[in-house]
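Each remark here refers to the structure printed beneath this line.
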Amino acid sequence: MNPLEILKPLFKEIKAEAKIIPVKKIVLHRWTRLKCMHGCEMFGKSWSCPPATPDFNEAANIISEYRRAFMIKLPGSLETQIKLQPLLLEMEKKLVSSGFYKAFVFFSAACGFCKKCSYPEPCRKPVMKRPTLESFGIDVFETAKKAGFSFSQNHYFTILLLE
Ligand code: SF4
């Protein structure tokens, strides 16, 4: 089944724009993690952010095991991104149950399932936590540009690794 057809109703529900891109188009840079380490208040405070996430080489190796991915333009503010996280997990789940068993979604913001993340104590909901794009060294802006998306202020992006 066409993965775009599987997720179409969910994309429509939240007014998201999605494209399937070859994973080779995902741009990885070490400086994105530099920005996580120096300049982001979530560093060392969330299981979805460095240093809790795989290091750059490991992250790049993981991504290279995929061939195609969804790039998804999500509407709304940072607060909205947290609210959308259950839906992103639903997208991943729908794909897995449709045979895309490798499907894996990133979050467009640090995991927000708890009021305050338990890091470095064990995650309270490990089944639900996912890493951020930047924690994997993904240059979101450059990747979105390469994928042909237009930009505006009230949008975030995420990636769902497909197969
Ligand atoms: S589920 Fe809770 S403890 Fe786990 S990463 Fe998310 S916010 Fe942190």
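Values quoted throughout were computed directly from the atomic coordinates according to the rules given, and no laboratory measurement underlies them. Just so you know, these numbers come straight off a predicted model, no measurement behind them. Neighbour counts run over all protein chains shown; Cβ positions are idealised from the backbone, glycine included.
Structural remarks
- Here Phe136, Phe107 are screened, and the one residue that is within 16 Å of the ligand (Cβ to nearest atom) and closer than 12 Å to Gln85 by Cα is Phe107.
- Count of segment 98-129 residues, restricted to those that are within 21 Å of Glu65 (Cβ to Cβ) and surrounded by fewer than 21 Cβ atoms within 10 Å (Cβ to Cβ), is 6.
- Options Leu88, Leu10, Leu95, Leu4; residue that is under 14 Å from the mean Cα position of the chain (by Cα) and surrounded by 12 or more Cβ atoms within 10 Å (Cβ to Cβ): Leu88
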